[in-house]
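The next block holds one structure in the form of structure tokens; read it before the comments.
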Ligand SMILES: Cc1ncc(COP(=O)(O)O)c(C=O)c1O
């Protein structure tokens with residue numbers, strides 16, 4: 001096996017060093033975390049890789065494991081998993097209505113925190129169980145009819161593609177599925193096909209913010225362009241919530257959906273749904289539970305009366321928002337961009353035969369990096385990476401690596417070393 005690869009500083013790395021030197025405070029991170037996990041963070045902010053090493057130590061990851069699978073599932077920081085446990089114990093200790101009353105307040109606090117994080121209003125945010133459910137809430141909630149048209153990206157997740165096709169069959173509206181050029185280098189290449197697809201019948205455009213199958217990131221202008229044409233926009237943010245510096249008002253979408261358990265590193269089986277205020281009364285519920293009739297049509301909480309829910313996770317979700325706030329969502333996003341950039345650069349320099357499915361340009365990509373090696377069995381490499389090198393990625397579209405804040409530049413090098421031993 002080769003020694004661990006240490007690249008000369010790349011342009012993205014230089015940019016990263018410049019940016020992070022300018023202001024991540026470890027002592028600030030430490031104050032929001034349990035004392036046991038945070039004391040070692042103090043006084044170490046001069047060295048940036050060290051900072052991120054310390055961030056990693058906030059997680060209970062198995063030593064030696066290189067986990068680059070954020071596009072699928074992330075672990076939570078210890079403070080978050082401890083909150084899941086203590087919330088569960090609290091309920092098991094006393095499941096009375098009286099003891100559970102406080103969880104209503106926690107739900108409000110969480111929605112307020114999420115609204116601030118996303119830069120929207122609290123009454124535009126509700127909680128679901130995951131992106132799949134949030135997507136289906138919109139798909140099944142909008143009363144489209146024959147003659148209406150919905151425009152979709154062919155890279156959408158099934159819950160934002162197949163779900164529309166099933167609903168269109170039921171209600172008689174039309175679904176148009178649009179392809180974009182392979183490996184785009186500019187936002188315009190991605191905008192153009194949608195512009196051409198719009199007709200006076202188009203009511204809604206729906207797309208993945210970042211594709212889980214190619215890593216292509218859709219241009220933020222698309223929502224505003226749609227609105228100018230009188231078209232509503234829905235953004236599936238499964239791959240952007242917790243990985244991008246999000247501002248939904250600036251994005252200008254009408255609907256945004258995501259899961260807490262991917263890049264956001266929150267509790268599992270919790271999701272978010274944003275609906276722009278004037279559109280809330282337009283939506284039918286996909287499920288009517290106890291209490292539905294108590295809500296006014298303009299109350300977004302009307303859309304999530306799912307029966308008994310795991311309220312024990314509410315405070316854990318709050319802790320996750322605080323974790324992101326403490327590091328800073330801009331810095332989280334920059335770190336992810338930088339690690340993805342390092343992966344792409346090293347794939348290109350060390351494996352000239354490889355095909356990067358994900359674009360190199362930062363304007364049209366995010367944290368998801370997909371690579372194919374000609375004449376190789378990707379499923380086999382995927383298994384060997386884990387079994388022989390303790391590297392966890394995904395066998396999606398080739399090999400998919402999705403690094404985040406608990407990954408390090410050293411790990412990127414180790415991934416490349418492992419690939420060198422496995423690619424024949
Ligand atoms: C773009 C996109 N949308 C939706 C989902 C579904 O997410 P969940 O399983 O959390 O509902 C995924 C999962 O990978 C995804 O990548």
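Where a number appears in this text, it was derived from the coordinates with a stated rule and is not lab data. For clarity, every value in this text was computed on a predicted model and none was experimentally measured. Cβ coordinates were reconstructed from backbone atoms using ideal geometry, including for glycine residues, and neighbour counts include every protein chain displayed.
Packing here is the average count of other Cβ atoms within 10 Å per residue, and on that basis the peptides 216-228, 62-74, highest first, run 216-228, 62-74. Ranked by the mean number of other Cβ atoms within 10 Å of their residues, highest first, the peptides 268-274, 97-103 fall in the order 268-274, 97-103. Cα gyration tensor of the chain, axes a ≥ b ≥ c as square roots of the eigenvalues: rounded (a/c below 1.5), prolate (a/b > b/c) or oblate? Because a/c hits 1.5 or more and a/b fails to exceed b/c, the chain counts as oblate. Compute the separation of the alpha-carbon centres of region 366-418 and region 175-201 and state it in Å as a whole number. Cα centres, region 366-418 to region 175-201: 30 Å.
For residue 169 and residue 98, compute 0.36 nm times the residue count separating them, minus their Cα-Cα distance, and round to one decimal in nm.
Details: separation 71, 0.36 × 71 = 25.56 nm, distance 4.63 nm.
Extra length available between residue 169 and residue 98 comes to 20.9 nm.
Here the gap between residue 48 and residue 85, fully extended at 0.36 nm per residue and compared with their Cα-Cα distance, gives a gain of 10.1 nm. For the peptides 404-417, 202-215, residues were scored by their other Cβ atoms within 10 Å and the scores averaged per peptide; the highest-first order is 202-215, 404-417.
Maximal additional length on extending the residue 179-residue 287 stretch stands at 35.7 nm, based on 0.36 nm per residue less the C-alpha distance. What is the Cα centroid distance between region 317-336 and region 253-303, reported in whole angstrom? Result: 22 Å between the Cα centres.
What value, in deg cm²/dmol to 500, does the helix sum -39500 (n - 2.57) over DSSP H runs of n ≥ 4 give at 222 nm once divided by the residues of the chain?
For the chain, the value works out to -12500 deg cm²/dmol.
Among 237, 60, 266, the residue with the largest mean-square fluctuation in a Gaussian network model of the chain, with springs joining Cα atoms closer than 10 Å, is 60. Given the options 294, 329, 313, state which has the largest fluctuation in a GNM of the chain using a 10 Å cut-off (strictly under) for Cα springs. Result for the chain, Cα springs under 10 Å: 294 fluctuates most.
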